[in-house]
Every structure is written in C-alpha cells, then in structure tokens.
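The values are calculated or read from the model by the stated rules, or taken from the named source; none is laboratory data. Because the structure is predicted, anything quoted here is derived from the model rather than measured. All Cβ positions, glycine included, derive from the backbone under ideal geometry; neighbour counts span all protein chains shown.
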Amino acid sequence: MRHEKVVRKALITEKADRLREINVYQFEVTPRATKRQIKEAVENLFKVEVIDIKTASMPRKPRRLGRSEGYKSAYKKASVTLKPGQKIEIVEGI
C-alpha cells in the first residue's frame with residue numbers, strides 16, 4: 001500500500017494539541033493498515049523517527065439530518081510517538 005494512502009489526515013482536536021506537547025501526533029489512517037505500515041508511512045512522508053504507535057478503531061456513529069437517518073463512517077486512529085527533539089512541521093502550524 002502506498003504511503004500516501006495509509007495516512008489520510010492529521011487529527012486536529014484539543015486532545016491532539018495537548019498530546020503534541022509530549023511529542024505524540026494523531027492521524028486518521030486506513031482501517032486495514034497495520035502498525036508497521038503506519039510507521040513506515042509516517043517516517044517516509046515526514047522524515048522523522050517513530051518510537052511507538054498506538055491504534056484505535058473508532059466505531060461508526062448514528063447521525064440524523066431531519067428525517068433522514070444514516071451513519072458516520074468508522075475509521076482508525078493512530079497515535080504516533082516521535083523521537084525526542086523531532087516534530088512534524090505541517091501539523092505544528094495548525
């Protein structure tokens with residue numbers, strides 16, 4: 001799987017901001033991606049060294065718009081810990 005396909009986007013939340021202070025970055029990743037694939041993708045895309053990865057599969061959630069009911073898609077979240085002293089510039093500026 002190509003590295004661009006593994007990492008979908010960086011998660012920008014209050015919790016993610018707090019985690020960035022301790023060098024942990026959160027990404028939405030492809031649900032079928034393994035920890036090894038996520039590590040390779042982050043290291044190659046952002047030119048950093050990954051120490052640890054934690055993943056969580058987030059369930060789909062029911063949503064409603066008027067009378068129409070549906071579901072928000074399920075996704076996988078990865079928390080990536082970087083080597084001390086390194087950071088991802090693209091995420092830092094947001």
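Set side by side, the residues Ile38, Ile88 differ, and just one is in contact (Cβ under 8 Å) with a residue 40 or more places away in the chain, surrounded by 13 or more Cβ atoms within 10 Å (Cβ to Cβ) and either of a type in the set (Lys, Arg) or in contact with a Phe, Trp or Tyr (Cβ under 7 Å, 6 or more places away or on another chain) (or both), which is Ile88. Looking only at residues in the stretch 17-69 that are of a type in the set (D, E, K, R) and part of a loop (DSSP other than H, G, I, E, B), the one that is nearest to Pro84 (Cα to Cα) is Glu49. Taking the conditions (1) modelled with pLDDT under 95; (2) within 19 Å of Glu89 (Cβ to Cβ); (3) more than 11 Å from the chain's Cα centre (by Cα) in turn, Leu11 satisfies each one other than (3). Candidates in the stretch 46-68 are the residues that are over 21 Å from Ile22 (Cα atoms) and of a type outside the set (D, E, K, R); of these, the one that is surrounded by the fewest Cβ atoms within 10 Å (Cβ to Cβ) is Gly66.
Only one entry in Arg2, Arg20 is surrounded by fewer than 10 Cβ atoms within 10 Å (Cβ to Cβ) and at pLDDT below 95, namely Arg2. Under the condition of being touching a helix residue (DSSP H, G or I) at 6+ places or on another chain (Cβ under 9 Å), within 16 Å of His3 (Cβ to Cβ) and among the charged types (D, E, K, R), the residues counted in the stretch 44-75 number 1.
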